[in-house]
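Remarks on the structure that follows.
The values are calculated or read from the model by the stated rules, or taken from the named source; none is laboratory data. Keep in mind the model is a prediction, meaning the values are calculated, not measured. As a convention, Cβ positions derive from the backbone with ideal geometry for all residues, glycine included, and neighbour counts pool all protein chains shown.
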Amino acid sequence: MERKRPKLLPPFWERWRSELQGKWGIFWGSALFFLLFFGLMGIYIIRLPLYFREVDHLTPLQIGILFGAMPLAKFLTPFFFLHRPVNKKMVLIAGGVATIGGALLFTHFYPLLLLGFFLLGVAFSIIPPYVERRAVEELGHFYGRARLFGSVGFVLTGGLQLPSTCYLYLSFLLLLGAIGVALLLFHTSTQPKERGKLSLLKGWHFWVALILMKSAAAGYYSFFTIYLKEHNLVEYVGIFWGVAIVLEVLLFLFQPKVMSKISPAMAMEIALFATALRWFLLHFFPDNFWIVLFSQTLHATTFALFHMGAMLYLSHLYPHRLTLAQQFYGGLGYGLSFFLGSWLAGLLYSHGLFFWEGVFTLLALGVFGVGEMKKKGINFGKKGEREG
């Protein structure tokens, strides 16, 4: 007689599980995760550096090393999954690793703070790519409407005015919420049918363009506020960021209509051209309020359009290893590229930083365009063939 397996999960979890198995459930589950996770990232990026400066009295160098640990871990982690798929056990372990990492940020002991950020980077290389994969697969062109909640979360937490010590507690609550939602989404899914190896050479032009573009963008995130201050526009920084985020949200909202008109590759090419234009405008017209404001409207293409195109492009390029492909997207685009780009920006800041950012982005456009033309030539006459 077969023994009945005991139910380990509480009744409310089973009820939520059944509700999340439909498409609307996946949409709102993904949207809630993006809201919590990017709200968390808003605190990490905007608020925690000041917290560690004021409360733990860390030097700028120590803070730089601390926040460099996360992108370094995000870059290294995907290599562990080259020959093994992300399974439920891995996601559960990643949730535990993230919880430990978040708890270590309360220790006020620098080596443990460093370990905490590294562990968070490891976990963030596993959990968000899984949610992205499921959202793209289940929602298709409507993925952007779920992803826009991430932009909302980033704005909400980034704009909060609280005592410095409150941000760390709030970030830990957001972290626990994001982990809980991700585990619930994973629990409602079947095992990802990922098989085979992932070759970065198959999409070499995509990966090279991604590294060039994101390395250039790292300088913007590191030095934009300082650049505005030097050109007497820093009082408008809130307006500039507000306009950028609002248009980003609107583009995510209208993703189904936009992406039904253009291919993922064309979306990325448009985004790369608009990004290069944005950097050149900042270089040549740094004192002109209206031109700087216009350059911020291009953020919708710089980030949102490129991200939407990239997610759909990867789903066609690596249909059998999509989670791993998105891990490498985060690891190379927001790990290695931001790590190297921030360092390079420090060297180039006094030598026309935004001009060189425009040059690197145009180079990315050229590499991606040439790669797409070569790919079409190679596949000519081989209809129905897909890369895996």
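Overview of values
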read-out	value
Residue list for region 145-169, restricted to those being surrounded by fewer than 17 Cβ atoms within 10 Å (Cβ to Cβ) and over 18 Å from the mean Cα position of the chain (by Cα)	G159, L160, Q161, L162, P163, S164, T165, C166, Y169
Qualifying positions in region 288-306 - among the hydrophobic types (A, V, I, L, M, F, W, C) and assigned to a helix (DSSP H, G or I)	F289, W290, I291, V292, L293, F294, A300, F303, A304, L305, F306
Exclusive hit being outside any helix (DSSP H, G or I) and at positive phi, set H57, H83	H57
Matching helices (runs of 4 or more DSSP H) fully within region 190-287 where at least 2 residues are charged (D, E, K, R)	204-230, 255-261, 264-284
Qualifying residues in region 22-67 (those that are of a type in the set (S, T, N, Q) and more than 18 Å from G177 (Cβ to Cβ)) - the one surrounded by the most Cβ atoms within 10 Å (Cβ to Cβ)	Q62
Criterion (over 25 Å from L160 (Cβ atoms), among the aromatic types (F, W, Y) and either surrounded by fewer than 17 Cβ atoms within 10 Å (Cβ to Cβ) or touching a Leu at 6+ places or on another chain (Cβ under 7 Å) (or both)) met by exactly one of F280, F284	F284
Options L253, L247: the member that is modelled with pLDDT under 85 and over 16 Å from the mean Cα position of the chain (by Cα)	L253
Residues satisfying the stated conditions in region 91-126, i.e. crowded, with 21+ Cβ neighbours inside 10 Å and free of Cβ contacts under 8 Å to residues at least 24 places away in the same chain	G101, G116
Flag for A345 being of a type in the set (A, V, I, L, M) and at pLDDT 85 or above	no
Matching entry among F67, F81, F27, F33 (being modelled with pLDDT of 75 or more, within 17 Å of R133 (Cβ to Cβ) and touching a Pro at 6+ places or on another chain (Cβ under 9 Å))	F33
Selection status of T361, modelled with pLDDT of 90 or more, under 23 Å from the mean Cα position of the chain (by Cα), surrounded by 21 or more Cβ atoms within 10 Å (Cβ to Cβ) and not assigned by TED's automatic domain parsing to the domain that holds T77	yes
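Here's the yes/no breakdown for (1) out of contact with any helix residue (DSSP H, G or I) (no Cβ under 9 Å at 6 or more places or on another chain); (2) closer than 18 Å to Y221 by Cα:
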site	(1), (2)
G39	no, yes
Y44	no, yes
F81	no, no
P85	no, no
K89	yes, no
G96	no, no
L104	no, no
L112	no, no
